[in-house]
1. Sort B:91-97, A:167-173, B:20-26 for me by packing, meaning the mean count of neighbouring Cβ atoms within 10 Å per residue, highest on top.
2. Could you give the DSSP H helices of chain A that reach 18 angstrom or more along their long axis (alpha carbon positions) and whose average Kyte-Doolittle hydropathy is no lower than -1.0?
3. Evaluate the relative contact order of chain A (contact order divided by residue number), counting alpha-carbon pairs under 8 angstrom at least 6 apart; express in whole percent.
4. Using the count of nearby Cβ atoms within 10 Å as a rough guide to exposure, how do B:Val206, A:Val102 rank from fewest to most?
5. Restricting to the protein assembly as shown, compute how many DSSP beta bridges are antiparallel as a %, nearest 5.
6. So how much slack lies between A:Ala79 and A:Met131, counting 0.36 nm per residue of separation and subtracting their Cα-Cα distance, in nm?
7. What is the magnitude of the charge dipole of the stretch A:64-281 about its Cα centre, with +1 placed on the Cβ of each Lys and Arg, -1 on the Cβ of each Asp and Glu, and no other charges, expressed in debye to the nearest 20?
8. So which chymotrypsin sites (Phe, Trp or Tyr not before Pro) in the stretch A:207-282 are both in a DSSP loop and have at most 14 other Cβ atoms within 10 Å of their Cβ?
Amino acid sequence: MMNMADAKPLAGAGKSPVQKAPRPSRPISPRMVDIAVQVAVVAALAGIWEFGARFGALNPFLLPPLSVVLGRIWEDLIAGTVPVDLGLTLYRALTGFAIGAVIGIPTGILMARSALVRWFFDPLVSIGFPMPKIAFLPIFILWFDIYDTSKIIMVAFSCFFPVVAATCAGCSSLDKWPIWSARSFGAKERELLWEVYLPMAMPQILTGLQVALPTGMITTIVTEMLMGGRGVGGAMIMAGRFADSVGVFAGIVQIIILGFVVVKSLEIVRRRLLIWHPESRK
Amino acid sequence: MSVTHLAPPPRSRAHAASSISISDVSHTYGARTAGGMLALDGINLDIGDGEFHCLLGPSGCGKSTLLYLIGGFIPVQAGMISTSAGPVTAPGPDRSIVFQNFALFPWKTVKDNVLYGLKKAGFNAAEREQRARHYIDMVHLTGFENAYPSQLSGGMQQRAAIARTLAVDPGILLMDEPFGALDAQTRRVMQEELRTIWRDSRKTVVFVTHDVQEAVFLADRISIMSARPGRIQHVIDVDLPKERGEEILENREFIGLSEHIWRLVREQAVAATRGAH
Ligand SMILES: Nc1ncnc2c1ncn2[C@@H]1O[C@H](COP(=O)(O)OP(=O)(O)O)[C@@H](O)[C@H]1O
Ligand SMILES: [Mg+2]
């Protein structure tokens, strides 16, 4: 009979009973230690903030204690302003990000595969990538008015460049073997795009998305600050105008939490999508 | 050791075997730049309809290159390659290939790798399931259907690649050292399995190897290639019974032929090492 012992131990794939050996009990994994240390660092910083502000190291107007800031967020949460502001900011950031990705990924793939597309987009991307995208805000306001549309387009515009650049780089250095395989099974050029190039470049594309997402968050907040209105950025600018330092810090804490949640979520998506990749089995 | 003899899945479509005709084919790598490297030099070879043909030669003599040319993966620079369907210009599902380095889709599970080719070949959903199961069983990967290539050993990946290619039941089967990553036992089983499939389904097989015994065991005819630049030095008929099992290894004709071919191959290998100095 065939010897199956040459299978490496792997998660989920082996149904053979050989691999069901009882695991030696390890109470503390390195991953848990990592998380514990990170939580401890955040807690220590929060503690320094709280007690530094409370016991006179700093003027409480310039740096209100963390507990006061959290109390304000809680009040506004109950009053309903925080959910609206956070929701709007999140909506603008994610919609803009999604538009940037949906346009950026195919553009990047086509740039890598077609000289014609590359000739057209390469100079645009080279010029656009290092440029501060926010400089285009006045134009977008002129073109698309001052409401959500211009903000979302601003965000999409800023997300587009890192996605295109990463996708194009990822698709330019593809291993030829899976492509040859697909062609020998009769895949047509157009099918290759979605069936082979896209999944093969997925690690680099996701890296591009992971750069684009925080960029999109920053652009959202800055755009809201510049244009006013509802949203976390707008609320912070209003608080600043009324010399409400607690309100400004409440905005900062909200942005930190929002950014953390969104970035972590994308990491989870990455792990899901790249389940096949050796990087997921470190 | 036993060979699984499952009933082959019924075929819904006819796959015609085909002859392959290679005339005056040469290939130079880096031809457009100065100092291109001549890999194949004036290859002439006619492989008959339904023939099992082995290409035997030292490493670097252009065996893979010749297979890629037949497969249509690299353009023919000089000469002409045609099958019964006409001149070869591009890859196509009439000529399926098992690559030397497997070339599985790393983002697909073993089963999805096999299903991909079946889907492209136009089998209906029920046939796809049935054929995928049959060929995964045949290469003894049952239980690993949902594993990704990166989770498998080299030998298992190679078997997955073989299952994926055999499943589509091509008229012409190109195999580039397809058992190279397998241990001796598994290799033997797969060789017998391949002979059986070939005998039952009438395919033209071009099989690259540098294992003399493997070539003699499998082939109707063997081409021995010279060291670089690759030329066809000898073409040898293997007059052994169609039915070949374990017992043929002790057959005197088998042993004699193997030794004869071994001497011819060694000449080339010696020439290759001399050429390298
Ligand atoms: N893509 C390539 N570019 C340049 N030289 C190559 C390339 N592929 C193969 N060669 C060279 O061509 C010769 C034949 O290679 P190959 O067909 O792989 O031989 P074999 O399969 O018999 O070992 C070798 O000397 C190899 O180094
Ligand atoms: Mg080779």
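1. Those peptides, ordered most packed to least, come out B:91-97, A:167-173, B:20-26.
2. Flagged H segments are A:30-54, A:66-79, A:81-113, A:115-128, A:148-172, A:198-227, A:245-273.
3. Across chain A, relative contact order equals 21 percent.
4. So the ranking, lowest neighbour count to highest, is A:Val102, B:Val206.
5. Restricted to the protein assembly as shown, the bridges split so that about 50 percent are antiparallel.
6. 14.7 nm
7. With only Lys, Arg, Asp and Glu charged at Cβ, the dipole is about 520 debye.
8. A:Phe242
Values quoted throughout were computed directly from the atomic coordinates according to the rules given, and no laboratory measurement underlies them. Predicted model, so just to flag it, every value in this text is computed and none were measured. Virtual Cβ from ideal backbone geometry, glycine too; neighbours counted across all protein chains shown.
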